[in-house]
Every structure is written in structure tokens, then in C-alpha cells.
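The values are calculated or read from the model by the stated rules, or taken from the named source; none is laboratory data. What you see is a predicted model; the values in this text were computed from it and never measured. Cβ sites come from the backbone with ideal geometry, for glycine too, and all protein chains shown count toward neighbours. We work out accessible area using only protein heavy atoms, side chains counted, and drop any ligands, DNA or RNA first. Shrake-Rupley method; radii C 1.70, N 1.55, O 1.52, S 1.80 Å.
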Amino acid sequence: MTDKDPTVLLAAVERLRSSADALGLPLELDGAEESRTARRELVQQLDDYVLPRLRSLEAPLLAVVGGSTGAGKSTLVNSLVGAHVSRTGVIRPTTRASVLVHHEEDTRWFTDKRVLPGLARVAGDGAEDDPTSVRLVPSDALPVGLALLDAPDIDSVVRSNRSLATQLLSAADLWLFVTTAARYGDAVPWELLRTAAERGTSVAIVLNRVPPEALEQVRLHLASMLRDQGLGKSPIFTILEVDLEDGRIPQAGVQRLSGWLDSLASDARARSMVIRRTLTGTLGSLAARSEHLVTAGREQTAARDALLSAPRTAYREALAGVDDGVQDGSLLRGEVLARWQELVGTGEFLRSVEAGVGRFRDRVSAFFTGKEVTSDPLGDALQTGAAALITSHGQVAASTAARAWKQAPGGPPLMAEHPELSKASPDFADRVDRLIRDWQGEVLELVREEAGARRSTARFLAFGVNGLGVLLMIVVFSATAAIPTGAEVAVAGGSAVLAQRLLEAVFGDQAVRSMSVKARTALLARVQKLYDDERARYEQVLEEVSVSDSAVGDLEAAASSVEAAR
């Protein structure tokens with residue numbers, strides 16, 4: 001810490017806390033679980049330690065007693081206090097409320113949620129087995145200005161115990177690490193000790209149950225290991241292997257440690273140095289920890305963008321496929337072609353087209369003055385063909401998007417949770433049928449609007465609105481149809497030309513071109529809306545996992561503010 005305005009630093013840390021808490025990391029990417037743990041631990045330490053300490057530098061020094069299973073932490077606390085305030089036992093794991101021992105005059109510092117706000121406060125033995133609480137024990141054996149917190153085992157087989165132990169150690173001004181001559185080299189404690197060194201946490205080592213004959217050798221080896229981890233200045237207190245008296249270490253065994261703690265409590269300057277060393281180290285660690293989370297957040301947004309892109313690409317290609325299918329003449333084959341031939345025949349009208357415009361007009365005039373044509377079967381065939389085209393591309397798009405998600409980072413868990421996304425919506429086919437019917441109604445309305453005063457002419461009456469609407473749909477479905485090879489393709493292309501000539505005979509060539517463009521545009525707009533609704537299913541899933549670009553930027557800016565203020 002520096003001599004800068006402490007209120008500015010406090011505000012910056014408060015902003016960092018809010019930004020880190022708001023950062024969502026929901027997608028299951030490589031390393032995401034570790035990043036979520038880092039985010040949770042950062043927010044917890046800011047809540048449990050940094051913010052309370054910044055707000056109350058004069059509060060008592062909190063020494064958290066932590067260590068491995070069976071190292072004698074609770075026995076040590078009881079021995080320092082001279083009373084059984086923390087339960088001990090040989091049955092592991094021990095699941096119970098954490099015990100915080102403090103002087104009576106310091107009660108006000110711990111009864112509220114100043115530190116460890118997520119843990120309930122209890123007094124007496126009523127919540128002995130509640131791990132979500134802190135049992136407050138006042139004791140005159142501790143000096144004013146010092147509190148001891150007995151934490152769970154850092155290597156407990158119960159995950160929640162390990163998590164709570166890590167949280168409590170992160171809330172410490174001073175970590176009293178308790179180990180034994182037999183277990184001081186265990187891996188788990190050293191991982192936490194390395195973290196403590198990186199964050200500048202004040203650490204004191206209590207080497208418990210040391211055989212007298214091994215004292216010098218073990219102590220020297222432990223000191224060497226501490227130097228290697230950047231903790232060479234951490235004091236080491238050794239407690240020889242002795243018989244307990246009423247379950248506690250004899251007073252002589254803990255006298256040196258007890259005296260050191262008393263001196264910290266009684267010497268305001270020494271206490272302040274320990275507190276400020278830990279606080280300064282923790283503040284200094286925030287930039288790197290925040291940067292790790294920023295990187296994790298960017299990975300999340302990149303993965304989300306890729307997941308968003310997959311269905312967008314799939315349905316964009318589906319729409320393009322429908323557009324091609326509408327214009328390439330493929331809908332004018334098969335059933336549609338057969339119904340068209342039933343309507344106008346395959347011989348006379350096509351020969352009229354091929355013979356030239358003069359004869360064509362004569363044949364058309366004769367046709368128009370004849371009996372009214374029934375176009376319903378052709379209209380039904382066009383509806384069926386168009387629906388099949390739109391449905392097929394929509395189903396392929398769903399399958400393509402789902403396959404892309406299954407292969408993309410973060411996608412497989414989403415697909416496992418939402419298997420319905422691998423297919424089009426259950427009512428998709430019904431919606432396609434309704435779309436085609438609504439579009440056919442729009443085509444008929446175009447015909448009515450364009451007809452105007454022509455509605456009473458013989459040519460208009462010969463086909464009627466429905467017949468002319470069907471002819472317009474044939475033109476729409478053959479806008480760029482080529483007539484390369486193959487009898488069916490040639491006949492279909494000729495049929496499209498004939499439909500256009502018939503419409504031109506009623507409306508004129510410019511009006512037919514305009515109507516066909518409007519009808520085709522209206523159809524594709526309806527298909528796009530349908531596909532957009534289908535694509536929205538994927539986007540809704542991604543909205544539920546809440547990956548925020550702004551949260552990443554806010555966190556980065558907040559971390560910079562802390563660096564500038566400290």
C-alpha cells in the first residue's frame with residue numbers, strides 16, 4: 001500500500017469485486033472450471049478480507065490456524081487459549097463450525113458481517129456441526145487485538161471442507177500453518193504455501209510433534225524448503241512430541257508461539273506491519289488474477305460467438321438454397337409439370353409458343369374465349385413442391401447447426417442438454433404449410449390489385465384470380481430457369497414461358513415482371529422469418545448461459561483502476 005487516498009483505493013476494489021462477480025463463465029471450455037474457482041476465490045477474498053481490512057485497518061489481527069488432517073490444529077488452539085474451545089478427535093473428516101476465538105473487548109469486530117460475510121455467526125455449542133457458520137468464543141486468554149480462527153483441514157476428503165479451508169486462509173492477516181515432523185513435505189500444503197507466497201500473505205510455521213532427536217534435521221530441511229518457495233522470512237515454531245495434559249499441549253510447549261502472538265497484539269506497529277504486508281501482497285496479486293479472468297472471459301465470448309455463427313451460417317445457406325430452388329425451375333417438374341399439362345395440354349400451346357408470336361396470340365385468344373380453366377390441382381402441386389423445398393432446407397440447417405455445436409468448444413454440453421436442437425421444431429412442417437398458404441393469398445392479392453379495370457375482360461375471366469395466381473407462381477418458380485437438355489426440363493421451361501406469355505396477354509410484360517419480383521421477394525421474406533425463428537432457438541440457449549462482452553471490459557478496467565489507486 002502507498003500514501004494515496006485510501007477512499008479511492010476502496011472504491012476501486014469495490015468496483016473490481018462487482019465486476020468479477022458479474023463475469024459469467026458458463027460455457028464448458030478447457031480450463032473453465034479452474035477459472036470459475038479462481039473467480040469465486042477472488043470474490044470471496046475481496047469480501048472476506050480485502051474490503052473489510054481496507055475499511056478497518058485498526059481491526060484486530062486475524063490469525064487463521066490451518067494445516068493438514070491430524071496435524072493438531074484444534075489441539076494447538078485449545079493449548080494457546082488454555083481451554084477446550086475447539087473440538088478435537090481422531091475420527092476424520094471432522095465437519096463442524098469453524099471456531100473464532102477473540103478477546104471480549106474485540107467482540108464487536110466479529111459479530112457483524114465485517115469479515116466472512118457468507119458465514120453465519122453463532123455462540124455456544126448449538127451449531128457445533130454446522131460448517132456454514134462461525135462459532136464465536138470470547139476468551140481473556142488472548143490479548144486484545146488478536147483473534148484465532150481454527151480452519152478445516154486443507155486436505156480433507158470432504159470437498160466442502162477443503163473449499164472452506166481455502167476461503168478462511170484467504171481471509172487471514174496471518175496464516176499459522178500447522179504441520180508435523182512426519183507430514184511437512186506433503187504436496188497439498190505446499191500448493192497453498194506457494195499461493196500465500198505469491199500473494200504476499202504473512203505466514204508462520206508451527207512444526208508440531210517433533211521427536212527431540214530429529215529436531216535439528218527436520219527444522220533445517222523445512223527452512224530450506226520455505227526459502228525455495230519464497231517464504232524464507234517466515235518464523236518457524238517447533239513443538240516437541242510430548243504427552244498431552246487434559247488434551248492440551250503443556251504450556252511450556254507453546255510458550256514461544258504464545259509469546260510471539262502476544263507481542264504482535266501488544267505492539268501496534270508490529271501488528272500493523274503484518275496486516276499491511278498481507279494486504280499489500282493481496283492487492284498486488286489482483287492484477288494477475290484479474291487478467292487470468294479477463295482471458296477466460298474472452299475465451300468464453302469467442303466460443304459464444306462461434307456458437308452463434310454456426311446456426312446463422314446454416315440458416316443463411318438454407319435461405320440461399322430456397323432462393324436457388326425457387327429460381328432454377330426445379331419446382332416445375334414432376335407433379336407440377338403433370339398438373340400443368342392437364343391444365344393447358346402439352347401440344348397445341350407449346351407449338352403455339354414455338355411457332356411465333358402471331359400464331360401464339362391467335363391460339364391464346366381462342367383459349368381465353370373457351371370455358372373457364374380449373375387450376376386447383378396445379379396450385380396444390382405448387383404448394384406441395386414449395387413446402388417440400390422449404391422444409392428440406394430447414395431440416396438440413398438444423399442438422400448442420402447441431403453438428404457444428406457438437407464439434408465446437410462449449411457446444412457438446414449444450415447439445416446434450418438440448419437434444420431437440422438437432423431437428424427442426426416439431427411444428428415446423430405445419431408452419432411451412434401455413435407460410436405457403438399465406439403467400440399464395442398474397443399472390444392472389446397482387447393479381448387483384450394489378451387487374452384493376454381488367455377484371456371484366458374475357459381474358460381475365462377465362463382464368464380468374466386463382467388461375468392467374470397459379471400462372472404467376474409458375475413464373476416465380478422459373479425466373480432464371482435454363483432449358484439445357486432432357487425432355488422433362490425442356491418441357492418445364494417451355495411451360496414457364498407459356499405461363500409468362502399468358503400473363504402478359506392479360507397484364508402486359510412490364511406488369512408481369514414487377515409482379516413476379518414482388519411475389520418472389522415476399523416468399524423469401526416469409527421464409528427468412530421462418531428460418532430466423534428456427535435459428536432463434538439456438539440463440540435463446542446461448543442467452544440463458546449469459547456470456548457478457550461488457551463484463552469482460554468492466555473487469556479489465558476495474559483491475560487497472562486498482563493498480564492505479566494502490
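Brief remarks follow.
- For segment 499-538, a residue qualifies if it is farther than 26 Å from Thr391 by Cβ, of a type in the set (S, T, N, Q) and open to solvent by 70 Å² or more (accessible area, probe 1.4 Å), and exactly one does: Gln510.
Yes/no matrix, rows are residues, columns are (1) within 28 Å of Asn78 (Cβ to Cβ); (2) modelled with pLDDT under 95; (3) touching a Ser or Thr at 6+ places or on another chain (Cβ under 6 Å):
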{"residue": "Leu257", "(1), (2), (3)": "yes, no, no"}
{"residue": "Ala265", "(1), (2), (3)": "yes, yes, no"}
{"residue": "Leu286", "(1), (2), (3)": "no, no, no"}
{"residue": "Glu291", "(1), (2), (3)": "no, no, no"}
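- Apart from one condition, Ala63 fits all of (1) within 19 Å of Ile275 (Cβ to Cβ); (2) surrounded by fewer than 17 Cβ atoms within 10 Å (Cβ to Cβ); the exception is (2).
- Pairs where the first residue, in segment 171-195, is within 21 Å of Thr278 (Cα to Cα) and the second is small (Gly, Ala, Ser) and open to solvent by 30 Å² or more (accessible area, probe 1.4 Å), C-beta under 9 Å, 6+ apart: Arg194/Gly230
- Filter result for Leu10 (aliphatic (A, V, I, L, M), farther than 27 Å from Arg159 by Cα and out of contact with any Ser or Thr (no Cβ under 9 Å at 6 or more places or on another chain)): yes
- Selected residue (only one of Gly67, Gly31 is of a type in the set (Gly, Ala, Ser) and touching a Ser or Thr at 6+ places or on another chain (Cβ under 7 Å)): Gly67
- Residue match in segment 308-330 (condition: outside any helix (DSSP H, G or I), modelled with pLDDT under 95, more than 30 Å from Thr201 (Cβ to Cβ) and more than 23 Å from the chain's Cα centre (by Cα)): yes
- Across segment 388-407, not a single residue is classified as more than 22 Å from Ala525 (Cβ to Cβ), modelled with pLDDT under 70 and open to solvent by less than 50 Å² (accessible area, probe 1.4 Å).
- Filtering segment 156-193 to residues that are open to solvent by 10 Å² or more (accessible area, probe 1.4 Å), under 25 Å from Leu261 (Cβ atoms) and either in contact with a Pro (Cβ under 6 Å, 6 or more places away or on another chain) or at pLDDT below 85 (or both) leaves only Leu164.
- Helices (runs of 4 or more DSSP H) within segment 127-231 that include 2 or more residues under 24 Å from Ala252 (Cβ atoms): 215-228
- Failed condition for Val77, given (1) part of a helix (DSSP H, G or I); (2) over 15 Å from Val294 (Cα atoms); (3) open to solvent by 10 Å² or more (accessible area, probe 1.4 Å): (3)
- Residue ID - nearest to Leu530 (Cα to Cα), chosen from residues in segment 434-465 that are open to solvent by 40 Å² or more (accessible area, probe 1.4 Å) and either modelled with pLDDT of 80 or more or in contact with a Cys (Cβ under 6 Å, 6 or more places away or on another chain) (or both): Arg434
- Positions within segment 46-74 being in a helix (DSSP H, G or I) and farther than 21 Å from His102 by Cα, in sequence order: Leu46
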